[in-house]
Amino acid sequence: MARDADETVVQTQRSLGAPGPDFGTWETACAVPSNLIRYDRFMPQFSPGQTLLIDADDTLWENNVYFERAIAAFISYLDHREYSPAEVRLALNEVERETILSHGYGLPSFTRSLLACFERLNPAMMNEEKTQRILGFTRAIAEQEIELLPDVADTLAELSTRHRLILMTKGNHAEQADKLSRSGLASYFSEVEIAAEKDPAAYRDVLRRYQLAAETSWMIGNSPKSDINPALAAGLNAVFLFHKDTWILEHATLDTAPEGQQLVELDSFAKLRAIF
Ligand SMILES: [Mg+2]
């Protein structure tokens, strides 16, 4: 999904009646819903009082890049005679899909996946020393300081004066709560939701529990698979924030916004201030 990092890309429904778009190379670089328009100059603006559900990992702070570093170290350490690094990565993706089904998201689950992958590809080589080395790769992730993405704190501070902000993340509860606490951002959110999975049922559940109107509720995040598509399916509006290091298991084609719902794409968190 290559795109110009400096380019402001906003998509919304054709029914807003904007002038015809110049799709350029971006249109051919990735599949986009057919009823979306790209705006360069005309930013839609939404009135105060919206409810903004905001993703955490790779939306507020860096996350997946640390896992990518651990995976690179793991593949290099494994140094497989038969499988290329790309083949080892594919095998790890497969193991991760299986582990997530049984143990959910988060660091303990990822650690389990690395150990299982090593054992699957190199069963005769597994021993206590190798186990400890692999645990070291994931320990480095746990010890990582929180690195906020650009302008996140200032933008949240401003948005929280006009809208209700709810943190909407998935994964290991203790791990995600600890990251929020260390981020210094907790005070901007009126509620925190840490779901096991972010699927349409999870979004409908949040709408119901907080008695939110879907038409003034938005999911904002970097994952088409967990943030955008299931939120649209549950009747919410959505803002897609592209992040170049989004985890491969979160990749998906953006769905089309159903009639009456909005899908906006922005290239930076700070630009949320321009529309909300
Ligand atoms: Mg995310």
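The values are calculated or read from the model by the stated rules, or taken from the named source; none is laboratory data. Bear in mind the structure is a predicted one, so any value in this text is a computation, not a measurement. Neighbour counts are summed over all protein chains in view; Cβ atoms, including those assigned to glycine, are modelled from backbone coordinates with ideal geometry.
At a glance:
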{"item": "Selected residue [touching a His at 6+ places or on another chain (Cβ under 9 Å) and part of a helix (DSSP H, G or I)] from Lys179, Lys225", "result": "Lys225"}
{"item": "Among residues of the stretch 48-97, those that are more than 18 Å from Ser109 (Cα to Cα) and of a type outside the set (A, V, I, L, M, F, W, C), counted", "result": "18"}
{"item": "Answer residue from the stretch 228-237, given it is surrounded by 22 or more Cβ atoms within 10 Å (Cβ to Cβ) and part of a helix (DSSP H, G or I) and is nearest to the chain's Cα centre (by Cα) among those", "result": "Ile228"}
{"item": "Residues of the stretch 182-205 that turn out to be more than 16 Å from the ligand (Cβ to nearest atom) and in a helix (DSSP H, G or I), as a count", "result": "8"}
{"item": "Pairs where the first residue, in the stretch 50-75, is assigned by TED's automatic domain parsing to the domain that holds Asn122 and more than 13 Å from the ligand (Cβ to nearest atom) and the second is in a strand (DSSP E or B) and not hydroxyl-bearing (Ser, Thr, Tyr), C-beta under 6 Å, 6+ apart", "result": "none"}
{"item": "Unmet requirement for Arg162, which otherwise passes all of (1) over 24 Å from Lys198 (Cα atoms); (2) loosely packed, with under 15 Cβ neighbours inside 10 Å; (3) among the basic types (Lys, Arg)", "result": "(2)"}
{"item": "Options Thr169, Thr216: the member that is outside the structural domain of Leu92 (by TED's automatic domain parsing), surrounded by fewer than 18 Cβ atoms within 10 Å (Cβ to Cβ) and among the β-branched types (Val, Ile, Thr)", "result": "Thr216"}
{"item": "Scan of the stretch 231-265 for residues that are more than 12 Å from the ligand (Cβ to nearest atom) and in contact with a Lys or Arg (Cβ under 6 Å, 6 or more places away or on another chain), ordered by number", "result": "Ala234, Ala252"}
{"item": "Test: residue in the stretch 183-203 that is in contact with a strand residue (DSSP E or B) (Cβ under 7 Å, 6 or more places away or on another chain) and polar (S, T, N, Q)", "result": "yes"}
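For (1) in a loop (DSSP other than H, G, I, E, B); (2) touching a strand residue (DSSP E or B) at 6+ places or on another chain (Cβ under 8 Å); (3) assigned by TED's automatic domain parsing to the domain that holds Ser217, each residue gets a yes or a no:
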site: Val239; (1), (2), (3): no, yes, yes
site: Thr246; (1), (2), (3): yes, no, yes
site: Ala257; (1), (2), (3): yes, yes, yes
site: Gly260; (1), (2), (3): yes, no, yes
site: Glu265; (1), (2), (3): no, yes, yes
